[in-house]
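The values are calculated or read from the model by the stated rules, or taken from the named source; none is laboratory data. As the structure is a computational prediction, the values presented were derived from the model and not from experiment. Here the Cβ positions follow ideal geometry from the backbone for every residue, glycine too, while neighbour counts run over all protein chains shown.
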Amino acid sequence: MDFKRHPGCDCDAIPLAEWDDDETNDARRDWIFDPGTYFDSLTEDQQDKIFTKAGAQAIRDGADINQVVNARRGMTTAGKCPAYTLEGTTKRGVAASYLRESYRGYWEKLPGGRYQRFGQRRLTPEAIYDSARGDPDLALSLLHANGYLSDASTNLDGSWRWAVRDSAVHRARDKVTDQLAARGLNVHVTPVARRIPSGASKDPPPPDVPPIGSNGSPSGNGGNDYYREFISDYDAIDKTVPLEHILTAEVRAGRIRGGHSFENRDFVIEQVTRGEAFVPDSGKSIFPKQKGGQEALAEWLGDAEHGAVAQALRWPLRVEATGTGGRIVESASVMPDGQVIMLVVVLGRHRKKRPEKYKVETCYPAYGQGVSVVQPDGSVRFRQRRIQ
C-alpha cells in the first residue's frame, strides 16, 4: 500500500477485524514496527546521529518520538539553530492545546495559510535545550509547554489516567519558578488557563516563559542577562512606534535619518550619489515593496499594542545591547505581501522623566525576501538570506 505521507513505502494495512484475531496477530507480529523499540535498540551515538542530539535527548527525557520527528516540518532557524516550528500549531494540532494552556496567546492566520495557528511560536527541541542550559527542570517544563510530552495533560491537574507525568512536570515547573523568583525575576511557568474576555485586546501580554533560548539567541549570541532583563523590563518599554521616522527620510547634519520604506529608496540613492548626504557604513536597509505602499507598511508595523513591532517585542528571537545602553531586538516577521524578513527594533534609553526605561527609536529589516540595502557609494544590494 502506498500512503500519501510515505510515497513508495513498504507499509501495509491490516483490517481491524483481522488485527483482533489472535491467530492473525501472531502470524503478522514481525510486521509491526515500533518506533520506541527501535530507538531503544540504538546506542546513544546512533540516536544522536539519526534524531539529532537535541531530538534524541528529548526522546530520552520522555518526549513523544512522533512529536519530535514531526517537529522538523515547518521549522524555522535562527543562525544555525532550529528555533521554532509551525508543526502542530493549528487548531487541530496536538501541540496547540499545550501552547494555549501554557502561554498567553491568540489565534492568527498566516498569509497563504489554510488554517488558523496559535500565535505563540512552538520551540524545537534544539531551542528548548539551548534555553535550558543543562537545567533538567527547565527542559522538562519547556518540553511540556511546547507539546512534546504525550503522557502529561495540558493543565497538569492529574485527572487523566494516561497523564502519568503530571506530578513530575508540575514539580519541575515549581522549581523553575522558585529559581527565577530567587533571582528577582517575576516569571511564572505554572500553566494557568487564560481566556480573553470579549471586547478585550487579542494581543497577548509578554510570555511567561521566554519563547527562545534564555541566552537571548538560539545561535548563542546576545547573552543570557540581556534576554532575561528584557523579559523582566517588558512593562518598562514605551512601545510607541515612530512611524513618521521610519516612513520618511530626513537629512540632518549630512546624514540620512529614517526612511526605511521602499518609497524612500530612490531619494536615498540620489542624496548619496550626489554627495549631499551619507548613510552608515553598513548601509541603509529598505523594506520590501508592498502593493499597498507606505499605508500598508504603516498598518503592518502597527502601534504600541498591535502589529509587527509589538509582536517582535513580545516574542523576541534575539536581544543585544547597544553602545549607548539601549537594546536591539530581532524577530522573524511576515509582511503584508508575504515576504519573510528579520525585523530589527532598536530601543533607546528614555531621557524624559517617565516610568518607562526604554523607548522604540526605530525599526528596519535586517535581511529577508526583498530586503535591499543602499550602500555608502549609492549602489543597491539585496540581503535575501532565507529565514527557515
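I'd like to check something: does the stretch 360-383 contain any residue that is under 25 Å from GLN120 (Cα atoms) and charged (D, E, K, R)? Walk me through how you get there before you give the answer.
Start the filter on the stretch 360-383 by keeping residues that are under 25 Å from GLN120 (Cα atoms), which leaves 360, 362-369.
From what is left, the residues that are charged (D, E, K, R) are none.
No, the conditions are met nowhere in the stretch 360-383.
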What's the number of the condition ASP48 fails, among (1) closer than 26 Å to VAL164 by Cα; (2) at pLDDT 90 or above?
(1)
Of the residues ALA304, ALA308, ALA298, ALA253, only one is modelled with pLDDT of 85 or more and crowded, with 21+ Cβ neighbours inside 10 Å; which?
ALA308
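If you take the residues in the stretch 264-323 that are assigned to a loop (DSSP other than H, G, I, E, B) and either in contact with a Cys (Cβ under 6 Å, 6 or more places away or on another chain) or among the polar types (S, T, N, Q) (or both), which one is farthest from ARG252 (Cα to Cα)? Give the derivation first.
The initial filter retains those residues of the stretch 264-323 that are assigned to a loop (DSSP other than H, G, I, E, B), namely 275-277, 279-283, 287-292, 302-307, 315-317, 322-323.
Those left that are additionally either in contact with a Cys (Cβ under 6 Å, 6 or more places away or on another chain) or among the polar types (S, T, N, Q) (or both): 282, 290, 322.
Working: SER282: 18, GLN290: 27, THR322: 22 Å.
Filtering the stretch 264-323 for residues that are assigned to a loop (DSSP other than H, G, I, E, B) and either in contact with a Cys (Cβ under 6 Å, 6 or more places away or on another chain) or among the polar types (S, T, N, Q) (or both), the one farthest from ARG252 (Cα to Cα) comes out as GLN290.
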Within the stretch 275-284, does at least one residue satisfy the condition of being buried (at least 17 other Cβ atoms within 10 Å of the Cβ) and within 27 Å of ILE231 (Cα to Cα)?
no
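Looking at this structure, is ARG161 outside any loop (DSSP other than H, G, I, E, B) and modelled with pLDDT of 75 or more? Explain how you work it out, then say what you get.
Working: outside any loop (DSSP other than H, G, I, E, B): no; modelled with pLDDT of 75 or more: yes.
When the stated conditions are applied, ARG161 does not pass them.
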